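Structure, as structure tokens:
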Amino acid sequence: VLGVGVMEHAAEDMVLQEAAVRRGMPASVGVVEFAGLERAVGVSLRDAKQYLDDFSRIDADHDGEVSAADFARYLNLPPGSAAAESLFADYSKSGNTTALHFKEYITGMSLVTAPVLGAELLDRAFARLEKLDRNSSGKLRSSDDDPNGQRAGPRKVPAAKFES
């Protein structure tokens, strides 16, 4: 109605500001409008602090911005490569092609990277379950004991995961 922009700062922003300063970065790095991020991407303060640790390692000069080249090096990709530029663009939603801000990094980790890591974790878990299912019944029974002495237990493994 008044045409005034709304900010969604929260106490968590202050916590992140203090954490940024402790890591040698400007306090402004921690101002991410945490309440909005929490609602939009489901990030917790604990996750945000971990992302800040990662961000501070990537931000070589600790100026609060990650360059495209630093981001590429962090990902073990050649700076300027198509893959590095594509990933950088996925994270940098502000349209800035030269620098990534912490808020964008949190969003990227929550929406781009975390789902991929979650899927990889599930794949590894199902691969482990498949190994435990020694008689290929689709169920884990005490007869499927692990050779390391761990008991598999009577948990049902989804049969669809075994189909090729």
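Read-outs: derived from the displayed coordinates by stated rules, not from any lab. Just so it is clear, the model here is predicted, and its values are computed rather than measured. Because the Cβ atoms are built from the backbone with ideal geometry, glycine has one as well, and the counts that use them run over all protein chains shown.
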Quiz item: Hey, with R₀ at 25 Å, roughly what FRET efficiency would ASN76 and VAL112 work out to, going by the Cβ-Cβ distance, to 0.05?
Solution: 0.90
Self-check item: Cubic angstrom per residue, convex hull over Cα atoms of segment 40-118
Solution: 90 Å³
Quiz item: When the Karplus curve 6.51 cos²θ - 1.76 cosθ + 1.60 is applied with θ = phi - 60°, which whole-Hz ³J(HN,Hα) does each residue of segment 57-65 get, with x for Gly and Pro?
Solution: 6, 6, 6, 4, 9, 6, 8, x, 10
Quiz prompt | Under Karplus coefficients 6.51, -1.76 and 1.60, residue-wise ³J(HN,Hα) of segment 36-44 in Hz, glycine/proline x | solution = x, 5, 4, 6, 6, 10, x, 6, 9
Self-check item: Residues with amide H under 5 Å from that of LEU100, placed H, sequence gap 5 or more
Solution: VAL66, SER67
Quiz item: What are the ³J(HN,Hα) values, in whole Hz, obtained from phi via the Karplus relation 6.51 cos²θ - 1.76 cosθ + 1.60 with θ = phi - 60°, for each residue of segment 11-21 in sequence order, with x given for Gly and Pro?
Solution: 4, 4, 4, 5, 4, 5, 4, 4, 5, 5, 4
